[in-house]
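K.L.:
Quick one: this structure, given as structure tokens, is what I'll be asking you about.
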Amino acid sequence: MKLTILGATGSIGVSTLDVVARHPDRFEVVALTGHRQVDVLAAQCRLLRPTYAVMGSAADAQRLALLLKDAGLRTEVLHGAEALMQVASLPEVDAVMAAIVGAAGLPPTLAAARAGKRVLLANKEALVMAGAVFMAEARRAGALLLPIDSEHNAIFQSMPHNYAGDMARGGVRRILLTASGGPFRTTPLDVLSGVTPEQAVAHPNWSMGRKISVDSATMMNKGLEVIEAHWLFNAPADRIEVVIHPQSVIHSLVDYEDGSVLAQLGNPDMRTPIAHALAWPERIDSGVAPLDLFSVAQLNFERPDLARFPCLDLAYRALRTEGNAAAVLNAANEVAVEAFLDRRLPFLGIAELIAATLDVVPQAAVPDLAAVLEADRQGREAALKLLARRPAKSA
Ligand code: NAD
Ligand code: MG
């Protein structure tokens, strides 16, 4: 199977290459992309000898090209957003790992879907922003969407015949989306106002990129995943329930009309869903250690506290509002998380900024990609304006 890996230098990208390297007879890497990390991408290219490598800027592409030439490689080095779409839709590529973080991942992920590829979908922001457009294009082109997000991969595995179609016909009553609760699940509420980016990105169970780690701390990650599940599994908001499960061993569950509940369990390591989606419908070794239930010993469950995690409520509201609301929510969240990581916004300001952005951006329909990108632009613009107006106070 020939692969393009979008976001190869990130957390999911590195885990993907780890799985791929275990099966050299099975996978061939055609294209790798990174944004700014020239040295990381150069090392990956030396190992995998792809036909194409893509960087964010011309200057970084030039640096990478020099490094690869010195190493005797013939990899063609490209740069920019167009090049990402190009390598996502190459005729010789069978599968595309969509692991760019944030809204930047939407155009190349959509390009892969439009080209009818097997799309290994890690970039949840693409579905949050453009769910209706994305699913329609994927269906039209006959693309195979395989979720990488651990919860959605678990749901996919627990769905009838692995089929993400009509929930009612499959006898599905509810989707139970598990959440670890992040690093602040039990932090006293008055302490939350002062937590730092370092504390927020220190996730108790998962090792991930910085943006998704902050999203896990606010539980916006779970909110984005509710919207992602809505589109992937054609599930109405009131059939998707979030369950806090601090051990992160059950990755999600499907509750059926007859009382059966199916779940997928495993150690919290993204190489499992990555290997599942790479090999589906077969199974391959992922390098993940077998689950030791005796050392896990206990599985606990709690109802999420919306006062502690207002971002979760905002995401449900955006999903129920429909139209541009989810794209605006996503844009405002990206602005807020970046500001928090830069210490320009306190932790509790993230939810406040998103709520205020949703209040000021007018509702609109999003019938096509242009409308989605406009909603994203408006959300960012409004969030940045509101951020600038906040009283100056150290974050
Ligand atoms: P990361 O920050 O570790 O990596 C992001 C990748 O995207 C890097 O390769 C980076 O170079 C690239 N990138 C960043 N900005 C870019 C831009 N403007 N243009 C082109 N490329 C750009 O992130 P991650 O944790 O690997 O997450 C990737 C995606 O997968 C996210 O959408 C995240 O929500 C999703 N996801 C991640 C995990 C996880 O365990 N890390 C789990 C589930 C879902
Ligand atoms: Mg997840």
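The values are calculated or read from the model by the stated rules, or taken from the named source; none is laboratory data. What you see is a predicted model, and the numbers here were worked out from it, not measured in a lab. For neighbour counting, all protein chains shown are included, and Cβ atoms are generated from backbone atoms with ideal geometry for every residue, glycine included.
K.L.:
Being crowded, with 23+ Cβ neighbours inside 10 Å and of a type in the set (A, V, I, L, M, F, W, C) is true for just one of Ala365, Ala355, Ala307, Ala332. Which residue is that?
P.N.:
Ala332 is the lone residue from the list that is crowded, with 23+ Cβ neighbours inside 10 Å and of a type in the set (A, V, I, L, M, F, W, C).
K.L.:
For segment 92-192, give me every one of the strands (runs of 3 or more DSSP E) that falls completely inside it and has 1 or more residues that are charged (D, E, K, R).
P.N.:
In segment 92-192, 118-121, 172-179 are the strands (runs of 3 or more DSSP E) which contain 1 or more residues that are charged (D, E, K, R).
K.L.:
Step by step: first the residues of segment 170-186, then only those that are farther than 10 Å from Val243 by Cβ and of a type in the set (Ser, Thr, Tyr), then the one that is surrounded by the fewest Cβ atoms within 10 Å (Cβ to Cβ). Which residue is that?
P.N.:
Thr186
K.L.:
Within segment 11-23, can one find any residue that is more than 18 Å from Pro273 (Cα to Cα), more than 16 Å from ligand 2 (Cβ to nearest atom) and modelled with pLDDT of 95 or more?
P.N.:
no
K.L.:
Right, next: Check segment 135-157 and report whether any residue there is more than 16 Å from ligand 2 (Cβ to nearest atom), touching a Pro at 6+ places or on another chain (Cβ under 8 Å) and not assigned by TED's automatic domain parsing to the domain that holds His203.
P.N.:
no
K.L.:
For residues that are of a type in the set (D, E, K, R) and within 22 Å of Thr109 (Cα to Cα), scanning just segment 40-93, find the one that is farthest from ligand 1 (Cβ to nearest atom).
P.N.:
In this case the residue turns out to be Glu92.
K.L.:
I'm told Ala179 meets every condition in (1) within 24 Å of Met1 (Cβ to Cβ); (2) within 13 Å of ligand 1 (Cβ to nearest atom) except one. Can you identify the failing condition by its number?
P.N.:
(1)
K.L.:
Quick check on this structure: which one of Ser207, Ser248, Ser252 is in a strand (DSSP E or B) and either within 16 Å of ligand 1 (Cβ to nearest atom) or touching a helix residue (DSSP H, G or I) at 6+ places or on another chain (Cβ under 6 Å) (or both)?
P.N.:
Answer to the selection: Ser252.
K.L.:
Do any residues in segment 210-223 that are among the aliphatic types (A, V, I, L, M) and in a helix (DSSP H, G or I) have Cβ atoms under 7 Å from those of residues that are modelled with pLDDT of 95 or more and near ligand 2 (Cβ under 8 Å from one of its atoms), where the two are at least six apart or on different chains, and which pairs are they?
P.N.:
Ile212/Asn221
K.L.:
Is it the case that Val296 is farther than 30 Å from His161 by Cα and either aliphatic (A, V, I, L, M) or out of contact with any helix residue (DSSP H, G or I) (no Cβ under 7 Å at 6 or more places or on another chain) (or both)?
P.N.:
Against the criterion (farther than 30 Å from His161 by Cα and either aliphatic (A, V, I, L, M) or out of contact with any helix residue (DSSP H, G or I) (no Cβ under 7 Å at 6 or more places or on another chain) (or both)), Val296 does not qualify.
K.L.:
For segment 255-274, how many residues are closer than 22 Å to Gly209 by Cβ and in a loop (DSSP other than H, G, I, E, B)?
P.N.:
5
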